[in-house]
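Just below is one structure, and these are the notes that go with it.
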Amino acid sequence: MGTRSVRPSLAERQTDFEELVTGPPVSAAFKPDGTPTPAASGFAKKYSVEVTALEKSETPKGAYPAYRVRQRGQATVAGLAEGSGAGRAPCCMWQGGLAMTQSANMSGC
């Protein structure tokens, strides 16, 4: 009797990722008249957006400017290739039945 191979179906791409990142407190990010301080400008620059793209996030610790980081999910095939270890040098070699590490500082082992 033959064996039957069962392959689960994979999504074409990974799930999109979204994270709300907060910056410095509003009191440090904006002057009383609402103009941005260097703290707000630096936070916006870190995410390559204008200060006007920031939103206000209320937290238990107070109000903070925030930015919604969105990252589209990677194609599943690309993600599988990255995690497979393809292209890496082998970490061990067999000699006389003993496993020997090629290098103590090889990355990816």
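The values are calculated or read from the model by the stated rules, or taken from the named source; none is laboratory data. Just so you know, these numbers come straight off a predicted model, no measurement behind them. Glycine also receives a Cβ, built like all others from the backbone with ideal geometry; neighbour counts cover every protein chain displayed.
Side notes on the structure shown:
- Considering region 12-26, and only residues there that are polar (S, T, N, Q) and touching a Gly at 6+ places or on another chain (Cβ under 8 Å), the residue that is surrounded by the most Cβ atoms within 10 Å (Cβ to Cβ) turns out to be Gln14.
- Enumeration of residues in region 17-39 that are part of a strand (DSSP E or B) and not aliphatic (A, V, I, L, M): Phe17, Glu18, Glu19, Thr22, Phe30, Pro36
- Qualifying positions in region 40-56 - among the hydrophobic types (A, V, I, L, M, F, W, C), over 14 Å from Phe30 (Cβ atoms) and assigned to a helix (DSSP H, G or I): Ala53
- Considering region 8-39, the residues that are β-branched (Val, Ile, Thr) and more than 14 Å from Ala66 (Cβ to Cβ) include one that is nearest to the chain's Cα centre (by Cα), namely Thr15.
- Some residue of region 61-79 being farther than 21 Å from Glu19 by Cβ, in a loop (DSSP other than H, G, I, E, B) and either modelled with pLDDT under 60 or under 20 Å from the mean Cα position of the chain (by Cα) (or both): no
- Total residues in region 1-33, condition among the charged types (D, E, K, R) and either modelled with pLDDT of 95 or more or more than 20 Å from Ala53 (Cβ to Cβ) (or both): 6
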